[in-house]
Structures are given as structure tokens and as C-alpha cells.
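So the structure is just underneath, and the comments pick up after that.
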Ligand SMILES: Cc1cc2nc3c(=O)[nH]c(=O)nc-3n(C[C@H](O)[C@H](O)[C@H](O)COP(=O)(O)O)c2cc1C
């Protein structure tokens, strides 16, 4: 079942031993981010957990990071599903979005701070790459609204705190949030913008999905929840925000005002560039009583950013291939969790129907997304199991026959450090499509059949050998043996 709000989710996470409370008073300028770095850099995914900093020096609010995206396990707890159900739930949400519902009053506005009380210094906003980031950064969902259509958009855009009442937001070219903000500022009007912190988990999971223009991520969040997300009107701007959010920061993008933003440690593992970005005046901070501040951990992968972006966008690609492009034999998609997001490696599982079908699907996947590497395998491969995937790469992939290189692709060097820069301009990059589907009959698999293996399993158990769960890889193999 989806969680009612962030608190509900954190309670479930704690009950499952996946949330650790830190009681010591921490310094937001270096401690929370550095501990989060140890968590992501040193622990394997199955041991990672959310970090709950109960006491942050100088702030009345506790700080949480890594809870939603510590690992696929915490992501699925946030979604309220088993790992095997993730893509199915996402596909249903993407094909049957649910519109949000406006309500009169929400707990996200139990406390309303405006004017000089809307002071960002009250919040425990961390420095995420201590010693290297230029300032504390808000890393959460950013809501914008288009001036003409009234459609809202959610994305995560890193936001630098300039002073108590001003921020600079990384609204870069091409982003929907940027286009929505410009629909106001290009007419000389301030653009409404809001940072939503600690909403219902499904809203966070939906916010990083790369959706087509005019699709509001809140409707996909409603689809994930199976019910409308309840929204309230902001206090100082024309915008709707989730009613159960922990904290909402309201603001206005000032027409024409740009300042240098960055450097900030980016998800690819390098310090991101400094560019002129829009300046925003904060108009209000509203929050629940006893509110919890949430910030995503990004920077060196793996990170919360890579987990969230990969797991939310794998099903988006799957939906595009199956529903929009009619490739009904595509059964699964999974984006690499070690780099993450839309610039990484995606593995597509399918049943090719004709020679060249897998290459065609691979090419399309590369064309419709910024993903750099696409691997296509048969649907008898567990695409989340690196051992099985590697077996397919050796058993079914012939590099000379099955590799397609797509040249001359624009990739921002700041996001993909493998692309060279000449004279201050990014070189064009390239993509690779690997067809690791079986194209020749290699004969029978060298495993006994199920009946023999099942009899052996009885002996295994009666002899007290170590217990195990049969891996999906082994099931798939025995099904074909
Ligand atoms: C922690 C985190 C930080 C991010 N920071 C940025 C950012 O600063 N700028 C950006 O363009 N995308 C950033 N992203 C990725 C976008 O939020 C994501 O691609 C989103 O779908 C963009 O929405 P849009 O296509 O509606 O603009 C970030 C994602 C995460 C999880």
C-alpha cells in the first residue's frame, strides 16, 4: 500500500531496520553529506539505509537523506511494492495517470512564514560536497507552472542558497521547468516556483521521470498511488503543492535576473560547471508542525540521485517502447544503478520476431532517450542479474556482428565527463547498441531438466545442505533445459 505521507514511510522504513537515527548534533556544512558518502561509497546496496539526523546545529528541523533512494529495496518500500512488481506498477501509472485533487486545507501549511520570517537559515540545508560546493544546496522537487496552459511541472533542479531570502536555481536550457518559468519571465512577469520537501513518497519517485511536454508528474504520482494526490493552493504564489508535504518553499523567479550558480558536485562523479542561472526571491516558507527536512544525496555515484533516476526512468522507456512505439515483445527495461539516470546503460529484454528486430529496438531506444549504452537481450535473461547478463554477452553477442555505434550525439560534458571539450565547446559524443539476443541456434543448454534437479533438491534438503532461494537466472535456465 502507498504511504499517506513521508512520516508514514519513514516509520515503515525504521520498522524494517532501513532507517538509522543519528542523535549527535551535526554540522550541516559537512557532517550529514560526508556520512551519506560513506553510506553510498562503502556499503553494498542491500546494507544501505536512510539517515535521520535528529539534531542539526542551528536548526529546529531534523534532516533526512537517502531514505527513498538508498537502494532498490528502499525505493520499493517507498512505492509499497515488491521489487518484481515495480515496472508493472509504473506501467499502469504511466498509462492511467490520475489527476490531483484540490483541497481547502493541508498540514503542509500548518505554519506559514512570510516576509523576513521566510528565512532559509531556519532550515538545515546541507553543503553536499563539503569543501567543494560553493554553498548549501536545496536538493528536492521543484514545482513550476506554465503561464498559458496552467499545467504544472515537477523536476529536481539543484538550488544554491544565496542568502536568507534568495536562491539561484539550476534551470538549464531544455528543461521543462525552465520553459515553464520563461513563459512568465519573458513577458516581464515573475514566475511562480516552489520547492516541495518531504511529500508522499510517490510524488518524489514520479518527479524524476522524464515525461513528454505538458505531462504533469503529479498525475503519474496519482497513478502510482492509485488515488488522487491531494493538493493545496500556495500562500503567496499561484501554484498547487501536495497537502501533506513536510515543508514548502514558495518563490518567484525574478525576470531578467541571472547570477553564477555552482560549482556543485554532480551525479556523474565530478564537480559540475558554473553557469548563469535564474535568481529567485523567496516569498514564503510553509511547513507541518514538527516538520522533517529532506535532501537527496547526489554527487559521486552510486547515490540517491542515481537510484531514483534509474528506477523511475526504466519503466518510462519500457512504456515508450511498448505503448508509444508498439514494440509489444519488449518485456522489461532496467537502467544501470552504478552511474544512473538517463545518461547511463539500459538493458532491454525482448523476444525478437525477425532478424534485425533486436537491433531495431536497440536503435530506437538510443534515439528516444539520452541513454549512452543500450544492450538488448532475450526475455529469458534476468536483466537485473549481472552474472546472467554477462553470460548472455559471452554466449550470444559477437562484437563484430552485433555492435552498432551511433555517432554525432550531443552530450553535455558536464554530465558525461568522457566527452572532450575543445575551445570551451563540448565535442559531440556517441552511443553504442549491443544486440546480445541469440541469433543462431546454439543447441541444448548443458543443465539437467527440472525433474532431475527437483529430485536432487529433495536430497539436498534431507542432507541438511545450506538453504537457498532459487535465483531467477537458474529458473530461466531450467525452464529452457
Ligand atoms: C538529486 C537530483 C538532482 C538533480 N539535479 C538536476 C539539475 O540541477 N538540473 C537538471 O536539469 N536536472 C537535474 N536532475 C534531473 C531532473 O530532475 C530529471 O531529469 C527530471 O525528470 C527533469 O524534469 P523535466 O524534464 O520536467 O525538466 C536531478 C535529479 C536528482 C534526483
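Brief remarks follow.
- Between 0 and 90 degrees, the angle of helix 31-42 with respect to the longest Cα principal axis of the chain falls at about 10 degrees.
- Peptide packing for 471-477, 351-357 was compared via the average number of neighbouring C-beta atoms within 10 Å per residue; ordered from the highest value, the list is 471-477, 351-357.
- Inter-site label distance for residue 149 and residue 14 at 7 Å from Cα along Cβ, in nm: 4.1
- Residue 105-residue 24 FRET efficiency (beta carbon distance; Förster radius 35 Å; 0.05 resolution): 0.45
- Using alpha-carbon coordinates, inclination of helix 357-368 to the longest axis of the chain, degrees: 10
- Model label zone, residue 475; criterion: amide N under 19 Å from point 7 Å along Cα-to-beta-carbon; scope the range 325-352: 331-334, 349-351
- Peptides 365-376, 21-32 ranked from most to least packed, by the mean per-residue count of other Cβ atoms within 10 Å: 365-376, 21-32.
- R0 of 45 Å, Cβ-Cβ distance residue 187-residue 92: FRET efficiency to nearest 0.05: 0.70
- Prolate/oblate/rounded call for the range 134-182, Cα gyration tensor, a/c under 1.5 rounded: prolate
- Förster radius 60 Å - calculated FRET efficiency between residue 4 and residue 453 (Cβ-Cβ, nearest 0.05): 0.85
- Full-stretch length increase - residue 179, residue 289 - with 0.36 nm per residue and alpha-carbon distance subtracted: 36.2 nm
- Helix 6-15 vs. the chain, principal-axis angle (Cα, 0 to 90°, nearest 10): 50
- With the simple spin-label model, which puts each label point 7 Å out from Cα in the Cβ direction, the residue 215 to residue 260 separation comes to 3.8 nm.
- Projecting label points 7 angstrom from Cα along Cα→Cβ for residue 461 and residue 404 puts them 4.7 nm apart.
- Put simply, the convex hull of the Cα atoms in the range 76-176 casts, on average, a shadow of 10.4 nm².
- Oblate is the label for the range 21-126, because the ratio a/c of its alpha-carbon gyration tensor axes (a ≥ b ≥ c) is 1.5 or higher and a/b is not greater than b/c.
- Gyration tensor (alpha-carbon) shape descriptor, the chain, a/c threshold 1.5: prolate
- Of the peptides 114-121, 330-337, the ranking by mean beta-carbon count within 10 Å, highest at the top, reads 330-337, 114-121.
- Amide N of the range 108-139 lying under 16 Å from the label point, which is placed 7 angstrom from the Cα of residue 281 along Cα→Cβ: 114-120
- Calculated from the alpha-carbon coordinates, the range 288-346 shows an Rg and a Dmax of 15.2, 50 Å respectively.
Just so you know, all these numbers are worked out from the coordinates, no wet-lab data involved. All values reported here derive from a predicted model rather than from experimental measurement. Note: ideal-geometry Cβ built from the backbone for every residue, glycine included; neighbour counts use all protein chains shown.
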